[in-house]
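Novice: Have a look at this one before I ask anything.
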Amino acid sequence: MSKSVQAVAVTAHEEERQRRKRALAAAWRLFARRGFVDGVISVRDPEWPDHLWIKPPGRHPALLRVSELVLVDPQKAPPLHAAIHRARPDAASVIQVATTHGLAWSTLGRRLDPITAEACVFYDDHIVHAEFDEGEEARIAGALGHRKAAILRARGLLTVGQGIEAAAWWFLAFDHAIETQMAAEAVAWPQPLDDATARATHARLGSEAVGKQSFEALFDWITAVEPDFIT
């Protein structure tokens, strides 16, 4: 490889690395505004795909900056994230963050019902993992398969995306859809949409492109109101 070609490759990797890191820091700032501060968001490095960028321990997400993100190798990566990234070469990002509604719902051992268009984004596209044992990371990754989300018993929600943008948007939508179902069930028993409607809605709203586009609007907003995270 010539030096000029090598230089182009290095530049491309660095540009993509910075884009992913900005999205990661932005996701944490957005999550912090919703009170989602405990957990892990990981994104692959574009040059070394078995290495993951994560938030450093002890740093509050509401204060996180791009320059503070840390790169960890497979041995130091969070075990569940490492397992899913190994099982899903297509996935650039994994998100597992504790939320009140996600944790509460995870104790029920139930899937999300397609009662709203938002919930249909996850129709037949998420799993419930009911075990709570150490060393189960490979089983979770295997059960997840190609799906975008999981409900993990006593640990809440997890989403996976080809990009961090879609993974972050899906996490927010997943948690909100669960909050909506819990509110509906507090009043009566909500009626799910029929299978054909749920699948058609999933096809329309559940793509990576829609998730990425939806996150980009939030990215623009958080950049305007909290621009310091980019530093």
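Read the figures in this text as sums done on the coordinates, not as results from a lab. Every value quoted in this text rests on a predicted model; they were computed, and no experiment measured them. Note: ideal-geometry Cβ built from the backbone for every residue, glycine included; neighbour counts use all protein chains shown.
Novice: Given a cut-off of under 8 Å on Cα pairs at least six residues apart, what relative contact order in percent is computed for region 17-226?
Specialist: Numbers: 364 pairs, mean separation 46.1, N = 210.
Here the relative contact order equals 22 percent.
Novice: Please provide three numbers in whole Å: the alpha-carbon extents of the chain along the principal axes, with the largest listed first.
Specialist: Result for the chain: principal-axis Cα extents of 65, 40, 37 Å.
Novice: Looking at region 17-226, how many pairs of lysines come closer than 16 Å at the Cα, when each pair is eight or more places apart or spans two chains? Each step should come with its number before you reach the end.
Specialist: Values: Lys21/Lys55; Lys21/Lys212; Lys55/Lys76; Lys148/Lys212.
Number of lysine pairs found: 4.
Novice: Under a Cβ-Cβ cut-off of 11 Å, what is the net charge of the residues other than Asp175 that fall near it, where Lys and Arg count +1 and Asp and Glu count -1? Walk me through the numbers before you get to the answer.
Specialist: Values: positive: Arg34; negative: Glu118, Glu179.
It works out to a net charge of -1.
Novice: With springs only between Cα atoms under 10 Å apart, run a GNM on the chain and tell me which of Lys55, Lys76, Lys148 wobbles the most.
Specialist: Lys76
Novice: How many nm separate the modelled label positions at Ala104 and Leu71, each set 7 Å beyond the Cα in the direction of the Cβ?
Specialist: So the two model labels end up 4.2 nm from each other.
Novice: Given H placed 1.01 Å from N in the peptide plane, which residues other than close sequence neighbours of Phe122 have an amide H under 5 Å from its amide H?
Specialist: HN-HN under 5 Å from Phe122: empty list.
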